[in-house]
Amino acid sequence: MTTELNLTRLGHFIKRQLYMNLSAMWVAIAAVTGILLVVSGFVAYFNPDDVRNLIPFYLVVFFLGGYIFTSMIFNEMHSPQKSYAFLTLPVSTAEKLVGAWVIVAPVYLITAVASMFILGAASSWVAGEPVALPGLLGKNAFKILGIFLVCQTIFFLGATAFKGNNFLKTLLALFVFFTLWAMYTGGVGYILFGANGSGVNHGFSHEFKNLMEAFVKHILPFLFWFVLPLYLLVVSYFKLKERQV
Amino acid sequence: MIELSHINFRYKKKKQLFENLSLTLQPGFIYGLLGKNGAGKSSLLKLVSGLLYPNSGQCTVFGHHAAARKPAMLQDIYMIPEEFELPPVSLATFVKINSVFYTRFSQNQLNAYLAEFELSDDAKLSTLSYGQKKKFLIAFGLATNARVLILDEPTNGLDIPSKSQFRKIMAASLDEDKIIIISTHQVRDLENLIDNIVVLEQGNIIFNYSIAHISERLAFEYNLAGVPDEEILYTEELQGRKAGIVKNIAGVDSRVDMELLFNGIVKNAPAINEAFANLKYEY
């Protein structure tokens, strides 16, 4: 425990953030749960065989809701009339970062997964088909949650970097980034292989294939699972630290 | 002690606000920070509380760099801005979730201040009027026992009884460890409260003296008829007569008229400052 990361203060900060946003969170939770409940009810009652297909639908809502929630986690800091309270709160930047992440990641995950279980169980019960739950516990479940957590760090950075409409601005930034990335890689591909992809069938193709295989199998997953989220969290830390009113 | 040393600051794409600004604020005093709109009062307060970072120079609060915003420094600062928004929770909840960050917070003091301001702790913050919210923030800020209390236009939105309660509470809460900085346009609200006057004009400190020195060196007259011209430092029309600031030749301490003084400083700071010529300038 250091002056920069004090666990007691971190706990107080998490509690404060939850209390301060409790009413807004309840409204959001009630609205989303209500909609899901109605949709699940309709599916279970009118189309019992499709109850299993509700899980992907829940996941889409869970992902989307999580990213919107993450984008809003620093709203207090972006409001001109509230930012003074957030920035002068005797909590270190590291505690603010970790505290906010704990709320949007583990706390949100547990709440969302529990809600999905309850909804899934309820709709299976209405459909008279109590077998929908394993869909949530499938072998890809942890991978899906992992992907959610990694992608979430992008929205976490967006929450610290943009002032207002953070979710939409993050989406726009992603769109611009991937467009530029596609143009760049397309250009590089064109230079390397030409218009017909003829380079693939000649000289360096075997070595190149091995290199690409190693890159895709080992380096890319490592970059995605570890380097990218850590890098984004570190950048978020400095964004918070540099933040002025 | 708060020490601003050679501060240079500008907002993005705007002209320089502070150029080589230095200022020292000592514990045990209430400072009145005065100035016209856009003089830089709020920006100066934000620099002190670490909400803005200087482009160059240093701002330290009891030895901590303000811009570092370390918890040790932040628990010694409580800021009440002019415009604020409180969360939709009850007073008691707000206190419960925020007081834990201030190690010297006193619930007894808070109860006393709330009683003085006639606020109940089961009220919901969102249902309070602006003036009541401000009184609550002032009470909470004082109860944190932060050594630096910064109030930006604290009397805005307060009714007349509340203004007098405010003065009473502020005067009683000062001790030798605390620095209270009050920035305001409503200079009359600070009468009999502040110990030092700091006047900002276009990012420069044009006046910085204690009330004791001011009342020793200046006298405030509401009819200048018969006063020799060489003693007059500033004049203005007041209900058909000439009122003004004159040199306190007799040396008898006089009541400081804050409004007259502020007008005099803003209109002719060199003449007013001349009366303090052989005093050590305090910044």
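The values are calculated or read from the model by the stated rules, or taken from the named source; none is laboratory data. Note that the structure is a prediction, hence the values are computed from the model and not measured. Heads up, the Cβs are rebuilt from the backbone with ideal geometry, glycines too, and the neighbour counts pull from every protein chain shown.
The number of residues in segment B:249-265 being within 27 Å of B:ALA39 (Cβ to Cβ) and outside any helix (DSSP H, G or I) comes to 4.
Within segment B:250-266, residues that are at positive phi reach partners that are surrounded by 13 or more Cβ atoms within 10 Å (Cβ to Cβ) with beta carbons closer than 8 Å, at six or more positions or on different chains, in the pairs B:GLY251/B:GLU216.
Is it the case that B:GLY28 is out of contact with any Ser or Thr (no Cβ under 7 Å at 6 or more places or on another chain) and at pLDDT below 95? Give the derivation first.
Numbers: out of contact with any Ser or Thr (no Cβ under 7 Å at 6 or more places or on another chain): yes; at pLDDT below 95: no.
So B:GLY28 fails the test.
A:ARG52 passes every criterion in (1) surrounded by 16 or more Cβ atoms within 10 Å (Cβ to Cβ); (2) of a type in the set (D, E, K, R); (3) without any contact (Cβ under 8 Å) to a residue 12 or more places away in the chain apart from (3).
The set of residues in segment B:51-66 that are farther than 22 Å from A:GLN81 by Cβ and either surrounded by 19 or more Cβ atoms within 10 Å (Cβ to Cβ) or out of contact with any Cys (no Cβ under 8 Å at 6 or more places or on another chain) (or both) comprises B:PRO54, B:ASN55, B:SER56, B:GLY57, B:GLN58, B:CYS59, B:THR60, B:VAL61, B:PHE62, B:GLY63, B:HIS64.
With respect to the stated conditions, B:LYS46 fails to be out of contact with any Cys (no Cβ under 9 Å at 6 or more places or on another chain), assigned by TED's automatic domain parsing to the domain that holds B:ARG188 and not in a helix (DSSP H, G or I). Within segment B:105-152, the set of residues being farther than 16 Å from B:ILE169 by Cβ, in a loop (DSSP other than H, G, I, E, B) and in contact with a helix residue (DSSP H, G or I) (Cβ under 9 Å, 6 or more places away or on another chain) comprises B:PHE105, B:SER120, B:ASP121, B:ASP122, B:ALA123, B:LEU128. Of the residues making up segment A:108-124, those that are touching a residue at least 60 places away in the same chain (Cβ under 8 Å) and over 11 Å from A:PHE62 (Cβ atoms) are A:GLY120, A:ALA122, A:SER123, A:SER124.
With respect to B:LYS41, is the statement that it is basic (Lys, Arg) and away from chain A (no Cβ under 14 Å) true?
For B:LYS41, the condition - basic (Lys, Arg) and away from chain A (no Cβ under 14 Å) - is met.
Scanning segment A:48-101 for residues that are hydroxyl-bearing (Ser, Thr, Tyr) and not in a loop (DSSP other than H, G, I, E, B), which turns out modelled with the lowest pLDDT? Working first, answer last.
As a first pass, look at segment A:48-101 and keep what is hydroxyl-bearing (Ser, Thr, Tyr): A:58, A:67, A:70-71, A:79, A:83-84, A:88, A:92-93.
Narrowing the set further to residues that are not in a loop (DSSP other than H, G, I, E, B) leaves A:58, A:67, A:70-71, A:83-84, A:93.
Details: A:TYR58: 87, A:TYR67: 95, A:THR70: 95, A:SER71: 95, A:SER83: 96, A:TYR84: 96, A:THR93: 97.
It comes out as A:TYR58.
Only residues that are out of contact with any strand residue (DSSP E or B) (no Cβ under 9 Å at 6 or more places or on another chain) and either surrounded by 23 or more Cβ atoms within 10 Å (Cβ to Cβ) or at the interface with chain A (Cβ under 8 Å from one of its Cβ atoms) (or both) were counted across segment B:75-92, and they come to 4.
Of all residue pairs spaced 6 or more apart or on separate chains, those with beta-carbon atoms under 7 Å, a first member in segment B:74-89 that is under 18 Å from B:TYR102 (Cβ atoms) and a second member that is among the basic types (Lys, Arg) are B:ASP76/B:ARG147; B:LEU86/B:LYS133.
Would you confirm whether or not segment A:36-58 contains a residue that is within 14 Å of chain B (Cβ to nearest Cβ), under 28 Å from A:ASN75 (Cα atoms) and among the aromatic types (Phe, Trp, Tyr)?
So the first thing to find is which residues in segment A:36-58 are within 14 Å of chain B (Cβ to nearest Cβ), and the list is none.
Checked against the condition, which is being within 14 Å of chain B (Cβ to nearest Cβ), under 28 Å from A:ASN75 (Cα atoms) and among the aromatic types (Phe, Trp, Tyr), segment A:36-58 yields no hits at all.
Would a scan of segment B:54-65 turn up a residue that is at the interface with chain A (Cβ under 10 Å from one of its Cβ atoms) and closer than 28 Å to A:GLU4 by Cβ?
no
Take the conditions (1) touching a residue at least 12 places away in the same chain (Cβ under 8 Å); (2) among the basic types (Lys, Arg); (3) within 14 Å of chain A (Cβ to nearest Cβ); B:ARG188 misses just one of them, which is (3). Condition check for A:SER124 on (1) closer than 29 Å to B:ARG69 by Cβ; (2) at pLDDT below 95: one failure, at (1).
Among residues of segment A:13-25 that are within 9 Å of another protein chain (Cβ to nearest Cβ) and within 18 Å of A:THR88 (Cα to Cα), those with a beta-carbon under 7 Å from a residue that is among the basic types (Lys, Arg) and part of a helix (DSSP H, G or I) at least six positions away or on a different chain give the pairs A:PHE13/A:LYS96. Taking segment B:175-225 as the range and being in a strand (DSSP E or B), polar (S, T, N, Q) and touching a strand residue (DSSP E or B) at 6+ places or on another chain (Cβ under 6 Å) as the test, the residues that pass are B:SER183, B:ASN196, B:ASN208, B:SER210.
If we scan segment B:46-58, do we find a residue that is basic (Lys, Arg) and modelled with pLDDT of 95 or more? Steps first, answer last, please.
Start the filter on segment B:46-58 by keeping residues that are basic (Lys, Arg), which leaves B:46.
Those still in the list that are modelled with pLDDT of 95 or more too: B:46.
Checked against the condition, which is being basic (Lys, Arg) and modelled with pLDDT of 95 or more, segment B:46-58 yields at least one hit.
If you check B:GLU230 against the conditions, is it free of Cβ contacts under 8 Å to residues at least 60 places away in the same chain, buried (at least 19 other Cβ atoms within 10 Å of the Cβ) and out of contact with any helix residue (DSSP H, G or I) (no Cβ under 6 Å at 6 or more places or on another chain)? Taking the combined requirement at face value, the residue does not satisfy it. Apart from one condition, A:PHE62 fits all of (1) touching a residue at least 12 places away in the same chain (Cβ under 8 Å); (2) within 14 Å of chain B (Cβ to nearest Cβ); the exception is (2). Filtering A:SER123, A:SER92, A:SER71 for residues that are of a type outside the set (Asp, Glu), within 14 Å of chain B (Cβ to nearest Cβ) and either within 30 Å of B:TYR78 (Cβ to Cβ) or crowded, with 22+ Cβ neighbours inside 10 Å (or both) leaves a single hit, A:SER92.
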